[in-house]
1. Within region 41-49, identify whether any single residue is outside any strand (DSSP E or B) and exposed (fewer than 10 other Cβ atoms within 10 Å of the Cβ), and answer yes or no.
2. Among the listed residues F60, F136, which satisfies the condition of being of a type outside the set (D, E, K, R) and not in a loop (DSSP other than H, G, I, E, B)?
3. Any residue that is surrounded by 10 or more Cβ atoms within 10 Å (Cβ to Cβ) and not in a strand (DSSP E or B) - is there at least one of those in region 80-93?
4. All but one of (1) of a type in the set (D, E, K, R); (2) surrounded by 10 or more Cβ atoms within 10 Å (Cβ to Cβ); (3) in a loop (DSSP other than H, G, I, E, B) hold for E38; which doesn't?
5. For region 114-160, enumerate the residues that are on the phi > 0 side of the Ramachandran plot and exposed (fewer than 10 other Cβ atoms within 10 Å of the Cβ).
6. With the structure loaded, tell me whether S164 is hydroxyl-bearing (S, T, Y), at pLDDT 85 or above and surrounded by fewer than 10 Cβ atoms within 10 Å (Cβ to Cβ) or whether it fails that test.
7. Of all the residues that make up region 25-46, how many are touching a Leu at 6+ places or on another chain (Cβ under 8 Å) and at pLDDT 90 or above?
8. Select from region 124-174 the residues that are under 29 Å from F189 (Cβ atoms) and among the polar types (S, T, N, Q) and write down the one among them that is nearest to the chain's Cα centre (by Cα).
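The values are calculated or read from the model by the stated rules, or taken from the named source; none is laboratory data. Quick caveat, the model's predicted, so the values are computed rather than measured. Cβ placement follows ideal geometry from the backbone for every residue including glycine, while neighbour counts extend to all protein chains displayed.
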Amino acid sequence: MSKSNSLKHFQVRKSNPQGEMLLGTQCADGVVTGCGFEAFHPLHYMHMDNDGNRAGWTSFRNPGVFQVKCGDTVNGREPGIDIHCLNGDINLTADNGRIRLVARDIDILANGETTGRGHVKIEANQDIKLKCDGSFDLKAEAGYRLYTPHVGKVIANTEMKIVSNFIKGLSCASKALAGKTDPLNVTDFTTLSSYTA
């Protein structure tokens, strides 16, 4: 329990059978709620906490749908919802569902101040599927790599162009064998065929 939880202040509760307003009340874990609202259902509340392990927190809890609808009078040149987290991460978690982003346009930007930041990471323990009705453009200033320990396929039904100053293909013929006198290709094949990072 925090030092300020001696309850040397006025506690105010205003209620009726459908809900309750709380001012300066203490939660079961000793945290003082500066201002709170609770509905008839015990899991339906909003708390603005003052101290303890939730000092400065604002907590919402509800057993049904949490819906935010806004922007009726907003023009197209300003945001309809603006969430700005000054420090820390932003977590969106759906334990038993999907997370969908639906809009006319979607931008994902990572602006890191050093080479250790500014990364976008997408992982899946099953498939990642990308589909577009227009063109798919990929530009990598420092190079790109595609890797699979199994079968890789590149299919272009009309035409395929591969343009480079130098084109080098390595197969299992480049493996290290007794008496081989091409150590450069052996090293390249061993390194590139085992890339997993």
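1. If we filter region 41-49 for residues that are outside any strand (DSSP E or B), which is where we start, we get 41-44.
Next cut, exposed (fewer than 10 other Cβ atoms within 10 Å of the Cβ) only: 42.
Looking through region 41-49, at least one residue is outside any strand (DSSP E or B) and exposed (fewer than 10 other Cβ atoms within 10 Å of the Cβ).
2. Values: F136 fails: not in a loop (DSSP other than H, G, I, E, B).
Result of the check over F60, F136: F60.
3. Within region 80-93, one or more residues are surrounded by 10 or more Cβ atoms within 10 Å (Cβ to Cβ) and not in a strand (DSSP E or B).
4. (3)
5. Restricting attention to region 114-160, the residues satisfying the condition of being on the phi > 0 side of the Ramachandran plot are 118, 143.
Matches in region 114-160: G143 only.
6. On the way: hydroxyl-bearing (S, T, Y): yes; at pLDDT 85 or above: yes; surrounded by fewer than 10 Cβ atoms within 10 Å (Cβ to Cβ): yes.
Judged against the criteria, S164 is a match.
7. Kept after step one, since they are touching a Leu at 6+ places or on another chain (Cβ under 8 Å), are these residues of region 25-46: 26, 32-38.
Then keep just the ones that are at pLDDT 90 or above; that gives 32-38.
Going through region 25-46 one residue at a time, the tally reaches 7.
8. Among them, the one singled out is T148.
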